[in-house]
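The values are calculated or read from the model by the stated rules, or taken from the named source; none is laboratory data. Because the structure is a prediction, the values reported are computed rather than measured. Every residue, glycine as well, gets a Cβ built from its backbone with ideal geometry; the counts of neighbours run over all protein chains shown. Keep in mind that these areas ignore ligands, DNA and RNA; they rest on the heavy atoms of the full protein, side chains included. Shrake-Rupley method; radii C 1.70, N 1.55, O 1.52, S 1.80 Å.
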Amino acid sequence: RDDLFAETPPLEAKRLLFSRAATQLPDGRFRKLLFIDAKKAHLNPKCEQDVYIELPVECGAPKGMCGKLNYLLYGFRKAAAAWEALYASYFESVGFERGNTCGVVFRHPGRDISLAVHGDDFTFCGLEEDLVWIRDLMKSWFDIKIRAMLGPDAHDDKEVVILGRIVKYHDWGISYEADPRHRRLLMERFGFDEGSKGL
C-alpha cells in the first residue's frame, strides 16, 4: 500500500557517496562523509488520525480508560512512511532536492551535499563546512547521534560500521567491506566452524 510504503536506497547510492568522497576536487580538497543516526526516529511524526491504545497496567489508569496518540509509536504500520515524509519535508525546506527514481536520495545543489537515507541512518557527502551546517540543522530537528565524519584530515574519523559494513578512510581511498561479525554469527547459528567444508 502506498500509504504504508517507505523507501530504502540501493547500496549503489552509498557507493556513489563513497566514490564522490574519494574523488579529489579541482582545488585539491576532498569531500568528507558524515554518518548520523536519528534516535527514536519513528516517534517523531505526529499522529494525524484518531488512534487509541490500551494503556499498560503500570500507568495506573482506571479500568476502561484508553490513551489517544499524539505521536506514532514505533512499529505502527504508518510510522515508517510518516518518518520518511517528515525528514524529507525538513530537507526540502532548506534546499535539498529528492531523487526522481529513489525518494530517499537527496542533493543540495547550492552546497554540493549528497545524501542517502536508510531508515534512521543518514549518510552525507560534502565539504566539511557544509556537513557542519547540515549537522547543526539536524540537531535542531531531531535527537541525533553523530556516528562519524570520515575524511583525510588528522582530526577526521577513519572508520565506521554502518548497516553491517565497515567503511574505512585510507590515504589511498575508501574501503567498504562486510562486517566479519555477521559471518561469525551466521556460522554459529547454523553450527558451522572453521573446520566445516565449504560448498
Legend entry - Of residues in segment 140-151 being touching a strand residue (DSSP E or B) at 6+ places or on another chain (Cβ under 9 Å) and either among the aromatic types (Phe, Trp, Tyr) or open to solvent by 60 Å² or more (accessible area, probe 1.4 Å) (or both), the one nearest to residue 91 (Cα to Cα): 141
Legend entry - Near pairs, Cβ below 6 angstrom, 6+ apart or cross-chain, from segment 94-114 (assigned to a loop (DSSP other than H, G, I, E, B)) to any residue that is open to solvent by 40 Å² or more (accessible area, probe 1.4 Å): 95/110; 99/105; 103/7; 104/7
Legend entry - Residues that are open to solvent by 50 Å² or more (accessible area, probe 1.4 Å), without any contact (Cβ under 8 Å) to a residue 40 or more places away in the chain and either part of a strand (DSSP E or B) or over 20 Å from residue 119 (Cα atoms) (or both), drawn from segment 20-52: 23, 24, 26, 27, 46, 48, 49, 50, 52
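Listed here are the residues, each with its yes/no results for (1) at pLDDT 90 or above; (2) open to solvent by 80 Å² or more (accessible area, probe 1.4 Å).
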{"position": "55", "(1), (2)": "no, no"}
{"position": "63", "(1), (2)": "no, yes"}
{"position": "68", "(1), (2)": "no, yes"}
{"position": "101", "(1), (2)": "no, yes"}
{"position": "125", "(1), (2)": "yes, no"}
Legend entry - Among (1) over 20 Å from residue 9 (Cβ atoms); (2) part of a loop (DSSP other than H, G, I, E, B) - the single one residue 183 does not satisfy: (2)
